[in-house]
Every structure is written in structure tokens, then in C-alpha cells.
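Here's the structure, in C-alpha cells; my notes come after.
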Amino acid sequence: MEIKKGIAVSPGISIARSLIIDSEDYRIPRRSINPSQRMIEIQRARNAFKDAIKELTQLEAGQESKEQRKIKDIFAVHLRFLHDRSLRKKITDLVHLESVTAEYAVSATLREIASHFTNVKDTYISERAADIYDIERRLLRRLLGQKREDVEHLTEEVAIVARELSPTQTAGFDKRYVKGLATDAGGRTSHTAIVARSLGIPAVVALEDLTEIVSGGDTVIIDGNRGIVIVNPDSETVRQYEEYSQEFAELEHKLDAIREKPAVTRDGVRITLLGNIEFPDEAELVLQKGGEGIGLYRTEFLYLNRESEPTEQDHYRAYAETISVFKHRPVIIRTVDLGADKYTQSKRFAPEPNPFLGLRSIRFCLQNLMMFKAQLRAVLRASVLGEVKIMFPLITNVAELMQAKMILRDVMEDLDEESIAYNKDIQVGIMIETPSAALMASTLARDVDFFSIGTNDLTQYTLAVDRGNELVSTLYSSVDPAVLRLIRTVVQDAHKAQIDVHVCGEMASEPEYIMLLLGMGVRTISLASPMMPEVKQIVRSVTMEDCNNLVRKVLGMNSERQIAGFLRNAARRILPEAF
Amino acid sequence: MDDFVEHKMKFVDFVCFKAIIPELKSRNRDDVIAELVSALDKAGRLGNGNCEEITKAVIKREDEASTGMGKGVAVPHVKHQVVKDVVAAIGQSSTGIDFSALDKQPVYSVILIISPVDEPDKHLQAMENVFKHLQQDRFRKFLRQSREPDQIEDLLREADESPSW
Amino acid sequence: MQPGEDTLEKVVCEAEVQIKNADGLHMRPAMQFVDVANQFDCDVTVSNGETNVDGKSIMQMSMLAATCGTKLKIKAEGADAQQAINALQELVEGKHFDEPTPTEQGKN
């Protein structure tokens, strides 16, 4: 049994068998076998070695030029490895002694060897571990077949373990079976955290070397409350956790009871709670948890995990399904916010050196008007089914907004000519997620119907911190005074222009920050459903007067630590059992 | 979606080089639009006797929503059945024209685009090209500095050649 | 001594070598070492003071992960033990795996 500590990013407990995803999406499906199968597994291992050797021999022969010498050397080394008797012996011994599958034996043996490398201080040598993983992949490819087993065909409950998880990988998660997430990398606002919270499953990140000690099929306990992962727990530990899990579920149930109650402060100020979703089937959960509509419908999933681009009809179907759940409540659809991910980078002639600051999001759309148009048409057509609003992400200047609106108008004209119905008065808003947009909010407010402050990206761009980079993720904070000043400016400009302003970043689901947002004038919050009951509880427990006083004090502070500490204490006083 | 293989509308595909006005005579928005439409008409791209009708249509659209994108550029456009292909005229004003742009700044470069009625894709591709280049500070600057029609033509051809301006 | 047996001498040779190339005993030098060792019939064991590994196994040799400056003890057992030791010594210290030493690397 091994206990690893990481960062808790999504609450809950899960006890399940692990499924490991590496960057090539290979899973090690099974570990144990019946002892009578051992000879078969050893033969499988032998065949895998034979095939891999053949493959490598061909590859090595193909590297002829001088520049390819280095690569040729690498293949030569890998070949030596595959020929090495002691390696094979280690693997077959493992199969024999522990009755495990060939892939488990290969993976466990090679990872152990790799760990000898990574433990060496010399970085040049420690990086050679990558070669061992490469050999492992080559053999696993043989053992697990050409068709990659992917996460979309699960038949039992699993906890996903990976180095990190990308939007492409998580788009395929079936939440009936994926019960928890644990990654080596990541921080509080990494994609893993966001997905876990949306699905309402526990997640722990920044575990550093979890993937090195877990093998596919190992049982893991993911404690998303305390930020702990336990590998191969003993029976006493399992029992304790099952008990603890029960208690936690009861607390959640208690909070769910306020679902029907309105989100009103003690002195009568009404707050609107909307949901953030990624897939249509999350819409129901939003309603269940007390949400009054969708404040952020992320549409990227339609593009990820597919062979071809989604058609207008694919878009329309997804939107129609979501809107049908909400009927007359607002559904804000955000146009695709792709970029800096596999989808856009793989389509580029030359990958961008700095995709985070590159052709992403609305810029990408304005350079791919066919794709943009298909989505806009689908949104417009769906707008007759309910109260639909459009939102453009990452608008950084007036020109971008004008261009996007111009295209929207052109698309509307096309629909007019085709006599296709749509809501001509559809509301159009933008996400404020960059310093430039925040500073220009008063100008931008003249031409939109609402703002939605994306605090995740706003914080990243303002503080120049990559939230997914574990080396600097502690610098990321939505309550940094600089970020707060920008948020305040945006809210004030919105009020002056008499347009709605929402907050839809992860900040909106942090109980400690709710009073701050309310005190700054925010009346609509959009967040992932699991946290809704708790946030509503906080709204119902405070007075706006308290919130205003709190903000006055906070605005006089210059240090993020001071602010964060102050907010934590204030929240603890209001809702002690949640902290 | 191959954004480097697909044949996109380049400037040479739709800009009418005979309808380039380096220094517009008109001082206000509506007159500028009329001047540019007239230029396309003189170049024979608008059939016969459609000048006034098209000008009115462009102005009407402009009244509904300004095409002043900010940064001193405007792209008035309209669809009309008289054209079989996308066609554009370019005009510059060194003194600047009020296009009611969102950033409240005057407009120095105007690209007027007339698109065929049944080809929304071509229209979008032309717009995509226009957006891409007008976003570039360098491009806008060179455009404003050009005094002769063939300087502007050269600039556009050069922009077409660069893979990712 | 019985006729027909023990006609081969059990030669045991040892030598201490020091890793001289800047990047240490990474995969490529380890491969070269193993290739040379496998040219001989004798058994070859290598020790870094803590572990003993089979000098003919790339897997075991690469686990040594010896850095520049590390001292290794090579032991060869068999008829051609002396030739093996000579060849390996030449490779490690004479040619330092045809890779630059720290001083040479610093010049670049």
C-alpha cells in the first residue's frame, strides 16, 4: 500500500480499479491471470519482442544520412535492449511468479528500469528514461493490438490515472464508469480539475510520480477532499474510506435540500446561479443542483475526439438537446474556444511556438470562417427553441468584436434568404478574459448585450502565469489585487452601460470568493453544478451589506496572501461545516 | 479543414485593380460609398445602371450596423444579384472619414465589397482574407502610405504571396 | 589433474576504470561497452561499488547509469579474460567512447 499526497481539486471519494492513460492513450487493461494462462502470456511476450525487433531493424536500416545518425544510434540501442537476455528473463520471471499478463510484466519491468534512470541526479542520464518508455510503448503496441483501446469503451468503473489529461482525452469520458481522476501534473485550475468538477467526481493532481508506481488494474482510493491517493490499499483502509465516503455523501445530500430555495441574500438581494457545461448530458445535473440556466456552454467538445469536423447539424443537435432541458431559461452558447491544443496545432503547417498567445479562440474562428459560420448557423437556428444567447470568447479589441458581429450579421442574412427562422433579437455577449478587454470594457460595452468575466484566463494573462505549469501554479490566484482591480473595472463599466455582467470562471465556484464577487456588484454567477448547493448556501447566509464591507476592506489590501487569508476567515465564519 | 491547402480568395481574386482610389474626393461616409461603387461601375463590374441601387443598399446596411472595425478601417459590403463573383474597390482618405466606428476613430481605408447572392462561402472567404490582413499593423500602415493605385496593387499582391502574414 | 578436464585455464582479470566522457555512461556508450564485451567468451561483471551487473547485458549496464568521473571495477573470467579487459579499458579510458571529455566539451 502506498500513500501519495497531491492537490485536491474536486471533492469526493472513489475506490476503484485504475486505468492508466499515457500520452498515447494506452491502457493496461488487466493485471492478473489464471496460473494456467502463464505459458500463453510468456509466448505473447516473446512474440511482441520478435515483432518489435523486426520493426526496429527496419527502422534502423532506414536511417542513412548523417543527420539521421543519432536516430540510428537510438534504434540500435533499443534493439540491443530487446535482444538482452536478462531483460526477457526478468519479464518472464514476473509472469511466472506473480501470474500476470504480458503487458503488465513488460510495463512493470521497464518502469522499474526507468526509475533507476530518473533517480540519477545527472539530467542527461535521467532523461534517458524516456528511451525506456519508448521501448515500453513499442512493445505495448504489439501486445495491445493496432487498434488502441480507448477510454470510450469502458464496461466497469475505473479511476483514471495519467501524467496529465488534455481536453481531447477527457472529451471521451463516460461518466457512468469514470469515477475519479488522478494526475502527476496539473494545478487547481488545470483541465483535469475542471472536468472532474463538471462530472462531480473526485480528483487529485500534482502527484508527481503516480504513474510510475501504479499499474493498470491496481485498486486506488482517490480522496478528493484531502488530496490523497492510496495505491493498493489494505482492507482496513478500504473499510475506513467506505465509511468516510458515506458521511460525505450525507453532507452533500443535506446541501441538495436547498435546491428549490432561491439564491437570495439575507437582506433580499437576488443572485442568479447558472451552470457551466461541456456536454449536453450535464444539463440535467445543472437543474438538479438548482441552476437556473446555462451561463457557459463550452462547445469545444464537438471538435475533439473526432476524425472529421462536426457539421452544422452535429452542432444543432447538441444545442437542441441542451435547450430542451431548459426551455425558457437562458442558455449561453460560447463559440469555439479552440487553440493551443491538438486539434488546432495538428492542422497547422508549422506548430506555433507559443500557442497560448497565438491563433486561438475567436481569432482562430475569424481565420476559419467556414467553420465559424457552421457553428453560428446552428446556434441561430437553435435560437427559436428557447432563450439562447451567443458569447464570443477571447475578444481583445474592438476590431475583433466588429468582425465577429459582422460575420454573424452576414450569416443572419443568409438564413433570411433561405427563409430559415431564427431569433433576430438574439443577445450577443463577450467573454472578458484579457487585460486589454478589461481595460477597454467601457468601449466594448457599447456594442454587446452582456459581459461574462472568464476569471481563469483573465488571471493567467494578467499575472503571466500558466495555471497548468506545476512550477509556477502557486503564483496563480484569482484574488491577486491586480486581477481584482480589473474585475471591478469591468463590473463598473458594465453597470454604467446598463448591461449584464456574469462571472463564469472557477472563481465562481470557490466558496471563499463568493462574498467578494457579490460585494463587487456581481449578481449572476455561472459555475459547475457540483458546487452549486454550497454556493447557494453561502448566498443565503450573507447580507449584501456584509459583502460590501468586505470588499471595502479587501480593496485596501495590497498582498494576495493577505486577501486570501482574510477571505478564508470570513467564509469560515459564515459556513463552518464546509471548511 | 486544411487551412494551407484550400484555395482561399486572395486579393487578386476579388479586388478590382481599376477601382482603387488612393485619395478619395468625398469627405463623408455616404459620398465615399457612392464614389467607390461608381469606381466599380466605371470598371464595368456592375452591369448596367445598377449604381444608384447598389449604393443605396450599401448605405442602408451601413445605417443598420457600422462596418467600421476600428483601427481606421471600414468594410462596407452588400450582396447583389448583378455580380457573379465577389468584387471589391479600395479607397483611402488621408483626412479620415466618420464611419461611426465603435472606437469613435475616423476611417482612413475603406474596402467596399459586393458579393453574389448565392455564394455565401466565397463572400466569407474574401472577408477572411480581408480580416487577416487588416489586422496587421504593417499592412494598414503601408496601405495608408500608398499614393498611387499601382503601389496599392503591389501591396495586395505581396500580401497574397506571404503564407502567413 | 585428470586428462581431458581443466585443460582451459580459468583466468581472472580485473581492472579499475574511470568514466571520462562528459555525458557519462548513457545508452550509447553502454551499448558500445556491451558490444565489445560480447565479442569475448569470458564472463564480464562490472561493479560501481554498490551493485554488480553483467557487462554483456545492455539492460543491466544501462542501469548503472554511471556519470562522468565514476570509477568502475571490471572483472573478466575465462580464457580470453585478459584480452577482454584490455579492450574494455581502451574503450572506456583510451577512446572514452569516442565522446568528448568535459574539457573538450567546454571548448565548444
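Taking the Cα centre of chain A as origin and charging only Cβ (+1 Lys, Arg; -1 Asp, Glu), how large is the dipole, in debye to the nearest 20? Provide the component values of the computation, followed by the final result.
On the way: 75 positive and 84 negative charges, 116 e Å.
In total the dipole reaches around 560 debye.
Only beta bridges with both residues in segment B:75-146 are counted; by DSSP, about 70 percent of them are antiparallel. Note on A:ALA320/A:ILE420: beta-carbon distance plugged into 1/(1 + (r/R0)^6) with R0 of 22 Å gives a FRET efficiency of 0.95. Give a quick list of trypsin sites (Lys or Arg not before Pro) in segment B:78-165 that DSSP marks as loop, anything other than H, G, I, E or B, with at most 14 other Cβ atoms within 10 Å. Answer by residue number: B:LYS84, B:LYS104, B:ARG147. The phi-based Karplus calculation (6.51 cos²θ - 1.76 cosθ + 1.60; θ = phi - 60°) puts the 3J(HN,Hα) values of segment B:41-53 at 5, 4, 7, x, 9, 10, x, 10, x, 9, 3, 5, 4 Hz, whole numbers, x for Gly and Pro. For A:PRO533, neighbours were defined as the other residues whose beta-carbon sits under 12 Å from its Cβ, and their charges (Lys and Arg +1, Asp and Glu -1) total +2.
Taking the longest Cα principal axis of chain A as reference, the axis of helix A:85-98 is set at about 70 degrees.
Given the -39500 (n - 2.57) contribution per DSSP H run of 4+ residues, what per-residue ellipticity at 222 nm results for chain A, rounded to the nearest 500 deg cm²/dmol?
On the way: 24 runs with 273 residues, N = 579.
Helix-only estimate at 222 nm: -14500 deg cm²/dmol.
For segment B:11-161, the solvent-accessible area with a 1.4 angstrom probe is 43 square angstrom per residue. Counting only alpha carbon atoms, the long axis of helix A:235-256 and the longest principal axis of chain A meet at about 20°.
Rounded, prolate or oblate: which fits chain B when a ≥ b ≥ c are the square roots of the eigenvalues of the alpha-carbon gyration tensor, with rounded for a/c under 1.5 and prolate only if a/b beats b/c? Verdict is rounded for chain B.
Taken as Cα centroids, segment A:403-420 and segment C:47-93 sit 75 Å apart, rounded to the nearest whole angstrom. Could you work out the longest stretch of chain B that avoids the GluC sites (Glu not before Pro) located in DSSP loops with at most 16 other Cβ atoms within 10 Å? My reading of the result: B:24-165 is the longest stretch.
Determine by what factor the alpha-carbon radius of gyration of the protein assembly as shown differs from 2.2 N^0.38 Å, reporting the quotient. Provide the component values of the computation, followed by the final result.
Working: Rg = 33.3 Å, N = 852, 2.2 N^0.38 = 28.6 Å.
Taking the Cα Rg and dividing by 2.2 N^0.38 Å, one obtains 1.16.
Roughly how many whole Å is it from the C-alpha centroid of segment A:497-535 to that of segment B:61-135? Their Cα centres are 39 Å away from one another. Once the Cα atoms are used to define both axes, helix A:312-326 deviates from the longest principal axis of chain A by about 60 degrees. 3J(HN,Hα) along segment C:39-51: 6, 10, 7, 5, 7, 10, 10, 10, 10, 10, x, 9, 10 Hz, from the Karplus curve 6.51 cos²θ - 1.76 cosθ + 1.60 with θ = phi - 60°, whole Hz, x for Gly and Pro.
Looking at segment A:257-578, the DSSP beta bridges with both ends there are about 5 percent antiparallel.
Amide H contacts under 5 Å for C:ASP41: C:ASP80, restricted to partners 5 or more places along the chain or on a different chain, H placed in the peptide plane at 1.01 Å from N.
So, counting K/R as plus one and D/E as minus one, what does the shell of residues with Cβ under 15 Å around A:THR265 add up to? Value of the local net charge: +3. When accessible surface is computed with a 1.4 Å probe, chains B and A are found to bury approximately 2800 Å² between them, both chains counted. Note on C:LYS10 and B:SER94: their simple-model spin labels are 10.3 nm apart, each label 7 Å out from Cα toward Cβ.
Only beta bridges with both residues in the protein assembly as shown are counted; by DSSP, about 45 percent of them are antiparallel.
Interface size, chains A and C: roughly 1700 Å² of accessible area buried, both sides included, 1.4 Å probe, rounded to the nearest 100. Heavy-atom surface analysis with a 1.4 Å probe gives the protein assembly as shown a carbon and sulfur content of 47 percent of its accessible area.
The values are calculated or read from the model by the stated rules, or taken from the named source; none is laboratory data. Just so we're clear, the structure is a prediction, and the values are computed from it rather than from any experiment. A quick note on method: Cβ atoms are made from the backbone with ideal geometry, for glycine too, and the neighbour counts reach across all protein chains shown. In case anyone asks, the SASA skips ligands and DNA or RNA and just uses the protein heavy atoms, side chains included. Shrake-Rupley method; radii C 1.70, N 1.55, O 1.52, S 1.80 Å.
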